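Each remark here refers to the structure printed beneath this line.
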Amino acid sequence: MIPTRAFAALGAREPLQPYRFDRREPGPHDVVLELTHCGVCHSDIHQARDEWGGATFPMVPGHEAVGRVTRVGSAVTRFAVGDLAGVGCMVDSCGECAHCAAGLEQYCDAHTSFTYNSTEQDGKTPTQGGYASHLVVSERFALKLGSKLPLERVAPLLCAGITMYSPLKHWKVGAGHRVAVAGLGGLGHMAVQLAASMGAEVTLLSTSESKRDDAEKLGARDFVLTREPKALGPLAERFDFVLDTTAGAHGLAQYVKLLRTDGTLILVGLPEQPLSLPAMPLISKRRRVAGSMIGGVAETQEMLDYCDARGLGAWVETIAAQEVNAAWERVLASKVRYRFVLDLGTLGRE
Ligand code: NAP
Ligand code: ZN
C-alpha cells in the first residue's frame, strides 16, 4: 500500500481537514504519481458540499493533478519512472462500449470512474482525488505533460482546459465566429484564451468590473458588465456561440437572446439550482441550448499538446494545502484570479 497524505471533507458541511489513507499497490497497468500540484475547481466545492446529490465521504477532492511517476507496473509502456504526468477528471471507464471506443470515456455507457466522489470499475471501491501526496492510476488515464510551462500553470488544463477545448473543437469554433464567454473564473479564463487562439472574436460577459483589464489581456476583444441594466441589449443576435461557465443561479434567456439565428448556447457551468429558460427566445430564432462535459482522454492529450506548443496555461495563485478552505471561500465570492493551485509539497506540515 502507498501511504498518502491528503486533505478531505468528512461531511457535506465540514471544512476540509488533513487526512491520511493508503492508495492501492500498483497493478501491472498502473503508474504511481508523486503529486506536486492540484488545481482547485468549483466542482470540488459543489461535490464536497453535496450540491449535486449522492456525495460520499470521506472525500479527497481534486481532478487537476500533476506530478512525477515514481513507480510503474510491469506492463506499463507509455511512462517511465521520472516522467511528468497528469490526471484529470477520470481514472477509468469500461473501455469497451461505443463511447469508450470513440474516445468519449466521459460518456461511458457502463461506468465512468471519476477521479473522486465515484467508484472504481468494481462499482464499490471509492476513488480519491488529487488534493493528495500520491495517486495511482491506470496508464490509460495518465496524461503526458510538456515542459514549457511551470507545472502549476499546466495542472488546471486537466479540467478547466479540456472542458473548454472540447466544445470549441466539437462545434468547430474558429475564425469568423463571434463567441461570448459568460463568467471569468477558472473555466472562463481558459475559454477566452482558447477561443481567441483558434481565431474567434471573444466577448467576456462578467459580473465583476474588476476583471475588465484581465479579460483583455487574456484575449477578449470586448468586456460587458452584465450587472449594468440594459448592458446586454445592444449585443442581441450578435454571437454564434455563448459559452456559459457560471457556477451560480441565473436565467438563460439573457444569454439566448444574444445568439444569432441557429446560434448555440453551450452550458458547461453546473449550478446547484435548475436554470430557467423561457421558450420564446429559443424558438423565435431557431436557437439551440447544448451541454458539454470535460473531454475524452485522447482529446485531453491533444489539448495539453496544443497548449504546450503555444505556451498557453492557466493564470494561477499557488497556495499551501492548508489554505484550501479560505481559497474555497474566495472562489465562491468570484474572487479567484483565475485558478487556485495547491502546492502539494506543503502536505503534512500542519
Ligand atoms: P469559478 O472559478 O468559480 O468561475 C465561475 C465564474 O462564474 C465566477 O468567477 C463569476 O465570474 C461567474 N459567476 C459566479 N456566480 C455567478 C452568478 N450567480 N451569476 C453570474 N455569474 C456568476 O468556477 P469554475 O471552476 O470555472 O467552474 C464553473 C462551473 O463549471 C462550476 O459550476 C463547475 O462545477 C462547472 N464545471 C463543469 C465542467 C464540465 O465538464 N461541464 C467542468 C468543470 C467545472 P464573473 O466574476 O466574471 O461574473
Ligand atoms: Zn473541474
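The values are calculated or read from the model by the stated rules, or taken from the named source; none is laboratory data. What you see is a predicted model; the values in this text were computed from it and never measured. Virtual Cβ from ideal backbone geometry, glycine too; neighbours counted across all protein chains shown.
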Go through region 197-216 and give me each residue that's in a loop (DSSP other than H, G, I, E, B), more than 8 Å from ligand 1 (Cβ to nearest atom) and under 18 Å from Asp244 (Cβ atoms). Ala200
Failed criterion for Asp50 (all others in (1) surrounded by 16 or more Cβ atoms within 10 Å (Cβ to Cβ); (2) within 15 Å of ligand 2 (Cβ to nearest atom) hold): (2)
Any chance Leu184 is part of a loop (DSSP other than H, G, I, E, B), of a type in the set (A, V, I, L, M, F, W, C) and at pLDDT 95 or above: yes
Return the pair list, or none, for Cβ contacts closer than 7 Å from residues in region 28-42 that are over 19 Å from Asp92 (Cβ atoms) to residues that are away from ligand 2 (no atom under 14 Å from the Cβ) and in a loop (DSSP other than H, G, I, E, B), at least 6 apart or on different chains. Glu34/Ser133
Could you go through region 61-73 and let me know if any residue there is in a strand (DSSP E or B), under 20 Å from His42 (Cβ atoms) and under 16 Å from the mean Cα position of the chain (by Cα). yes
Test result for Phe21, part of a loop (DSSP other than H, G, I, E, B), more than 16 Å from ligand 2 (Cβ to nearest atom) and of a type outside the set (A, V, I, L, M): no
Applying the selection to region 32-81, what residues are more than 12 Å from ligand 1 (Cβ to nearest atom), closer than 12 Å to Leu344 by Cβ and not hydrophobic (A, V, I, L, M, F, W, C)? Glu34, Thr36, His37, Gly62, Gly67, Arg68
The lone exception for Asn117 - which of (1) outside any loop (DSSP other than H, G, I, E, B); (2) within 16 Å of ligand 2 (Cβ to nearest atom) it fails: (1)
Among the strands (runs of 3 or more DSSP E) confined wholly to region 238-350, which include 2 or more residues that are within 23 Å of Tyr131 (Cβ to Cβ), away from ligand 2 (no atom under 16 Å from the Cβ) and at pLDDT 95 or above? 316-320
Among (1) surrounded by 24 or more Cβ atoms within 10 Å (Cβ to Cβ); (2) within 16 Å of ligand 1 (Cβ to nearest atom), the one test that Leu135 misses: (2)
Sole exception among (1) polar (S, T, N, Q); (2) under 15 Å from the mean Cα position of the chain (by Cα); (3) more than 24 Å from Gly251 (Cβ to Cβ) for Ser197, by number: (2)
